[in-house]
Amino acid sequence: MAELTDVTQQAIDYSQRIPNNVDLSTDRTLQRALERWQPAFLNWWKDTGPADSAALQVYLRTAVSVDRDGWANFEYVRMPEYRWGIFLTPRDESRKVNFGDHCGQPAWQEVPGEYRSTLRRIIVTQGDTEPASVEQQKLLGATCPSLYDLRNLFQVNVEEGRHLWAMVYLLHRYFGRDGREEAEALLARRSGDPNNPRILTAFNEKTSNWLAFYMFTFFTDRDGKFQLAALSESGFDPLARTTKFMLTEEAHHMFVGESGVARVLQRTCEVMHERKLTDTSQVRAQGVIDLETLQRFVNFHYSVTLDLFGSDISSNGASYYTGGLKGRYEETKIGDDHLLVGGSYTVQEIADGEIVSRQESALTALNARLRDDYTGEVQAGLNRWNRIPEKFGIPFRLTLPHVGFHRKIGSFADQFVSPEGRLLSKEEWERQSARWLPSEDDHVFVGSLMGRVIEPGKFANWIAPPARGINNLPIEFEYVRFD
Ligand SMILES: [Fe+2]
Ligand SMILES: [Fe+2]
């Protein structure tokens, strides 16, 4: 039985073609524009959404309210019938711009003219990542390790689709014709398409197996969280309210990643412990993923995701802040003047053939700061993962590589830095980097383990079952129905 949660005053109107809590029916022009975009979105989903999934009945959650408690309803849904909608957290009439030059003024309900193009760019860049990840994950369903995991993949996918709606609403509602054109372009770009790629590099990489999927949702969806958190501080109130609600959904995506990697680690450690194995090839021969390969995947996904924070030193970052457009992580919980004029922040860079730390203006170092906040949270996740080998008495620990390792953007772009933070020559890098990043062989090996498991309650050999099911249901619940 699908259980309907209590829907109070923040209820979402599902009687309309586009479910929403923004009184869409009172703005006919906007409603019509979005209703024209809707079939294009559905076509995009059909083309690039999860392959061969249209007929499946998936036990999904749908937002039914923006209340903090009980905002979601769980039921079987065919994904093309998922009710993608527009949900903002409730408006706080007394909300102010909380940082930058306009600090203390009432939060903006319309786009300030001087920030129009900047805000549009911020929204488009965020919006572009949402459909991109769906495209990257398109083929994973064919090799799911269980019905539970298949359902989680689809949940992430439909919610990334909804995040696209969230950004497209802002474009249509606040940016006129330019916004409508950008909304169309969001459906035209394709992850990995050399002629019309997604905006950010990490979103053009392949997510070719489930280990990559868990790593992506742990590392890259968490970048999403930090970007959304910084935007949820925005002085442009509709952006703040939209991103706040997106964060509610994002938490589950990161859970899928963290618990996914933990279950892989659990299974590998179980096998190593039971059969007293230490050697990589022996571990692989048991059909589980060796710890060294897990470390190389960590190195890859972490370093690629760090690039999403942009240049360490950034005048754009500074002007987003002084303009009141994008704040720091948990801006309003920080006890300073929220202006940052004259403040400083420690950054790392290469000077005279050495990696050195120096003080940079707090304003221009905001990207580095957000990235460091991100790293703190990622490290806490690794610490939790590391309790698993510890529990089995296996002396292996996952570690994060140095911030300069394998970077394409920022102060370490195209430098050669080892995971321990040693500056290398190009030759040294080429000799050693195969030990640090997933090789062709690793991909072939991980790929060879992937095979579809769709019997309720069964799991692929390389991954442990989760601790509990979705929405308090048993693990062997039929999370996806093929009838
Ligand atoms: Fe998202
Ligand atoms: Fe996400």
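Extension gain, LYS333 to PHE482, is 48.9 nm, computed as 0.36 nm per intervening residue step minus the present C-alpha separation. Under the combined filter of DSSP loop state and at most 14 neighbouring Cβ atoms within 10 Å, segment 268-369 retains these GluC sites (Glu not before Pro): GLU330.
Across segment 8-148, Cα pairs under 8 Å and at least six residues apart give a relative contact order of 25 percent. Mean residue ellipticity at 222 nm, helices only, the chain: -14500 deg cm²/dmol; runs of at least 4 DSSP H residues each add -39,500 (n - 2.57), and the sum is divided by the number of residues. When a/c is below 1.5 the answer is rounded, else prolate if a/b is larger than b/c, else oblate, so apply that to segment 217-264 with a ≥ b ≥ c taken from the square roots of the Cα gyration tensor eigenvalues. Verdict is prolate for segment 217-264.
Look at the dipole of the chain built from charges on Cβ: of VAL66, LEU200, THR346, the Cα furthest out on the positive end belongs to VAL66. The charge dipole of segment 302-444, taken about the Cα centre with unit charges on the Cβ atoms of Lys, Arg (+1) and Asp, Glu (-1), comes to about 400 debye, rounded to the nearest 20.
In Å, what Kirkwood hydrodynamic radius results for segment 307-349 from the alpha-carbon pair distances?
Numbers: mean 1/r = 0.0852 Å⁻¹.
Its Kirkwood hydrodynamic radius stands at 11.7 Å.
Looking at the chain, the pairs of alpha carbons with a distance over 29 Å make up 51% of the total. For the chain, DSSP calls about 90 percent of its internal beta bridges antiparallel.
Using a ≥ b ≥ c from the Cα gyration tensor of segment 370-433 (square roots of the eigenvalues), is it rounded, prolate or oblate, where a/c under 1.5 gives rounded and otherwise the larger of a/b and b/c decides, a/b for prolate? Please report the intermediate quantities before stating the final value.
Details: a/c = 4.35, a/b = 1.55, b/c = 2.82.
It is oblate, given that a/c is not under 1.5 and a/b is not larger than b/c.
Rg and Dmax over the alpha-carbon atoms of segment 358-483 stand at 20.5, 61 Å.
Projected label points at ASP92 and ALA285, each 7 Å from Cα along the beta carbon direction, are separated by 6.1 nanometres.
Across segment 268-385, Cα pairs under 8 Å and at least six residues apart give a relative contact order of 24 percent. Here the chain is treated with +1 on each Lys and Arg Cβ and -1 on each Asp and Glu Cβ, and its dipole about the Cα centre works out to around 520 debye. For the chain, the residue among LEU150, THR89, THR305 whose Cα projects farthest onto the positive side of the dipole built from Cβ charges is LEU150.
Find, among the GluC sites (Glu not before Pro) in segment 57-116, those assigned to loop by DSSP (not H, G, I, E, B) with at most 15 other beta-carbon atoms within 10 angstrom. Intermediate results must be reported in sequence, preceding the final value.
Working: sites: GLU75, GLU81, GLU93, GLU110, GLU114; in loops: GLU93, GLU110.
The qualifying sites are GLU93, GLU110.
Relative to 2.2 N^0.38 Å, what does the C-alpha radius of gyration of segment 164-235 come to as a ratio? Two decimals please. Walk me through the numbers on the way to the answer.
Details: Rg = 14.5 Å, N = 72, 2.2 N^0.38 = 11.2 Å.
The reported ratio for this selection is 1.30.
A DSSP coil position with no more than 16 other Cβ atoms inside 10 Å describes the following GluC sites (Glu not before Pro) in segment 374-420: GLU420.
I need the shape label for segment 320-388. Rule: rounded when a/c is under 1.5, else prolate if a/b > b/c, else oblate, with a, b, c from the alpha carbon gyration tensor. Because a/c hits 1.5 or more and a/b fails to exceed b/c, segment 320-388 counts as oblate.
For the chain, the relative contact order comes to 18 percent (Cα pairs under 8 Å, sequence separation of at least 6).
In this Cβ point-charge picture (+1 for Lys and Arg, -1 for Asp and Glu), segment 339-384 has a dipole of about 200 debye about its Cα centre. Remark: spin-label model distance GLN105-ARG121 equals 2.0 nm, labels positioned 7 Å along the Cα→Cβ axis. A simple spin-label model places pseudo-atoms 7 Å from Cα toward Cβ; at THR248 and LEU473 they are separated by 2.1 nm. Between ALA40 and VAL341, the contour length at 0.36 nm per residue exceeds the Cα-Cα span by 103.8 nm. Summarising the amide proton neighbourhood of VAL97: residues at separation of 5 or more, or on other chains, whose placed amide H is nearer than 5 Å comprise GLY104, GLN105, ALA107.
We did not get these values from a lab; they are worked out from the coordinates using the rules stated. These numbers come from a predicted model, not from an experiment. Note: ideal-geometry Cβ built from the backbone for every residue, glycine included; neighbour counts use all protein chains shown.
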